[in-house]
Structure formats: structure tokens, C-alpha cells
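These notes concern the structure reproduced below.
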Protein chains: 2
Amino acid sequence: MASVEIRPFEPGDWPGVWRIWESVAIAGDTYDYPPESTEVDARAYWLLPPPAQVWVAVEGDTVLGTYKIAPNRHGLGDHVANGSYMVSPHTRGRGVGRALGEHSLDAARAAGYAAMQFNAVVSANTNALRLWRALGFIIVGTIPNGFRHQRLGLVDFHIMHRFL
Amino acid sequence: MASVEIRPFEPGDWPGVWRIWESVAIAGDTYDYPPESTEVDARAYWLLPPPAQVWVAVEGDTVLGTYKIAPNRHGLGDHVANGSYMVSPHTRGRGVGRALGEHSLDAARAAGYAAMQFNAVVSANTNALRLWRALGFIIVGTIPNGFRHQRLGLVDFHIMHRFL
């Protein structure tokens, strides 16, 4: 991890982010983004305007992963952040996901959020569940059959939460 | 209820919908819409484009209540509907909320949704909780302190769900 840097997204990072994003969406096993999403769709989904923040993990010129945080709800619920994370399939096992998760908790705290919530953690995504539990999240709810997993069929979404 | 009709929203219904919407948002005790929302904001929040549906309960020319249903998530999660409901403060106790709720379940079923989910039922909103339980919803999760209730301070959001 010594050579990996986490910094705010810059326009030149997009091709690397899109490569990761596309592979995640097409797999259809961790996010409910439409698998047929175009690059234009992906930009609209991921590069949200402020107060959202988009960050990348890079090693030299290579984007290894990315995350975004944004208010989970508007108005009288905007003190809770939502986070979304993607890591390159070629980078798994190097701790980049964990580093992004920890970084996002600091970023959310610094931005004044009181808590972080995930609305749709796929129940079959055991790596994600293990990571989020290790970072202090608990499952606060479960949506039965909320996700049409592209290999397993209907599976649950877990809602996870932690105070900051 | 004999004189109350539930039908699709028409442009001429907007002043009546806005009157209800504004009073609900300003009260800040059942929805997290920004209390300072303008009429333009409200249109953008409530009059969502298809596949969302917006309905009104009317008695003659008077709008008594309104609801909308829309996919709760996109892509691989869009088989679950989300519903939002508002009833005029002057109409409470006449069963309009219940009629809208029942109507929305039929509308969601007809549109092919497999389930209905509410993401943010305010824990202090006992009338809503009683109604949704009566209509077959259960609490599947709770977001602690998710809502800045304008009279009570921080209270929980419940997530409610039922299959259709």
C-alpha cells in the first residue's frame, strides 16, 4: 500500500474509473446499476455534484479504486452520509477497499456528517459485509429479495449503518 | 368517502397539491423535504417523470391528498416500488390516507412491482405506522437518529416493506 495514494477525483482519472465501473456494473453482483449503463450514464451516477465528494486510489497513473460520499437523504435527513465504493478486480486482496473505507469515514466526519449509511449491500457480497463489519458498521435492516443478482437470482439487500 | 375520487394527477391539480405539500414540508415532522422548499422544488420532488405515477384524491375541485409511486432503486433493484403520501390537514380522520395507501398497492401491483418499500417512516409518526401495519407492511430496519424532527429533535427512521 506504500505506493497507493488516495486523493480527490480529477478529470483525467475518468477512463480508469470507468473501466472499473463498467466491469462492476456488467457483473451485476454487487451493485444495482443497470448492467447496460453507458459511459455517459456512469458519469451521471458516479460524478455527483457537491456536496458529494468523489475520491480515487491511484498508484502512479493507474486508478485502483474509487469511492463517493454524498448525503443519503436531503433536507432534514442530510446529516447521514451515503458511501459507494469500487475496486479494480485486478487489485483485490491488497487492502485498497479497506483503505478507501477508512478514508471515507474520515472524509465524512470532516464534512460534518453524523453517521454513514449503506442502503443496498448485497447479502451475497460476503467480502463487503466482512469489511464493513470490521469498520464498525452493523446491519440495521434487510430488504428481502431486493436485488436481482445476475448469477444467483433474487437475494437480499442489507442496510448498514455506523455513527461517525 | 362516497364523494372522493382517486385519479391520476392532472396539471390543474397542482395548486391543491402544493398547498398540502407546503404545509407538510414546513411542519417538518413527517418528511425530510427541506422545510424551505420552493414551489419549483416541490414540483421537482413530487411530479417525477414516468415510470413514476402521481395520483390525487379529489372531492369536486378540492385536492384532499396525493401519492406517488416510483422504483425505489434503479437497474437490478427496480422491481421494488417506493411510495409517498400526503393528506390535507383538514381531511385527517376521513380515511383518505388509507384509501390512497390501498390504491397505491393496487397501482404498484398493476405496474408489475414485486414489493413496496418505504425508506424513511418517521418513528414518531404513529398514525402512519399504524396505517402501514394495517396494510400489511412490517418494519424491516431502523436508522437511528436519521431524522431531524422539527419539534422533537433527532428521531429514528423506520424502513417498511411488504410484498405485493
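The values are calculated or read from the model by the stated rules, or taken from the named source; none is laboratory data. Bear in mind the structure is a predicted one, so any value in this text is a computation, not a measurement. Neighbour counts run over all protein chains shown; Cβ positions are idealised from the backbone, glycine included. SASA here: full protein model, heavy atoms, side chains in, ligands and nucleic acids out. Shrake-Rupley method; radii C 1.70, N 1.55, O 1.52, S 1.80 Å.
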Taking the label point 7 Å from Cα in the Cβ direction, how far apart in nm is B:Glu5 from each other copy of itself, listed shortest first? 6.6
If we hang a label 7 Å off Cα along the beta carbon direction at A:Ala110, how far is it from the matching labels on the other copies, in nm, shortest first? 5.2
Can you list the residues of the range A:12-58 that have at least 30 square angstrom less accessible area with all protein chains present than in their chain by itself, probe 1.4 Å? A:Asp32
Pick from A:Gln150, A:Gln53, A:Gln117: which is most flexible by mean-square fluctuation in a GNM of chain A where alpha carbon atoms under 10 Å apart are linked? A:Gln150
Taking the solvent-accessible surface of protein heavy atoms with a 1.4 Å probe, what is the per residue accessible area of the range A:80-121 in Å²? 39 Å²
Please state the relative contact order of the range A:70-122 as a whole percent: Cα pairs under 8 Å, 6+ residues apart? 43 percent
List the residue from chain A whose beta-carbon is nearest to the axis that rotates chain A onto chain B, together with that distance in whole Å. A:Gly141, 1
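Given the range B:1-139, report the % of alpha carbon pairs whose separation exceeds 23 Å.
Value for the range B:1-139 (Cα pairs over 23 Å): 31 percent.
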To the nearest 100 Å², how much accessible surface do chains A and B hide from each other in total, with a 1.4 Å probe? 2600 Å²
For the protein assembly as shown, the percent of accessible surface on carbon and sulfur atoms (probe 1.4 angstrom, ligands and nucleic acids excluded) is 53 percent
Expressed as a whole-number percentage, the relative contact order of the range B:60-164 with C-alpha contacts under 8 angstrom and at least six residues apart is 24 percent
With the label 7 angstrom out along Cα to Cβ, how close does A:Arg151 come to the same site in each of the other copies, in nm, nearest first? 5.2
Suppose we look only past 15 Å in the calculated P(r) of the range B:26-79. What percent of the Cα-Cα pairs does that tail hold? 63 percent
Accessible area per residue in Å² at 1.4 Å probe, computed on the range A:1-69: 48 Å²
Of the residues A:Leu152, A:Leu64, A:Leu105, which exhibits the maximal mean-square fluctuation in a Gaussian network model of chain A defined by a 10 Å Cα contact cut-off? A:Leu152
Accessible area drop of at least 50 Å² (1.4 Å probe, protein heavy atoms): which residues of the range A:62-110 qualify, relative to the chain alone? A:Arg73, A:His74, A:Leu76, A:His79
Quick check for you: which residues of the range B:72-86 have the amide N under 15 Å from the point 7 Å beyond the Cα of B:Arg7 toward its beta carbon? none
From highest to lowest solvent-accessible area (probe 1.4 Å; ligands, DNA and RNA excluded), A:Thr142, A:Thr91, A:Thr38 read A:Thr38, A:Thr142, A:Thr91
Over chain A, the sum of -39500 (n - 2.57) across DSSP H runs of at least four, divided by residue number and rounded to 500 deg cm²/dmol, gives at 222 nm -8500 deg cm²/dmol
Counting only other chains, and only Cβ atoms inside 10 Å, what mean value do you get across the residues of B:136-145? 5
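Once the convex hull of the C-alpha atoms of the protein assembly as shown is built, how many Å³ does it hold per residue, rounded to a whole number?
Spread over its residues, the Cα hull of the protein assembly as shown gives 133 Å³ apiece.
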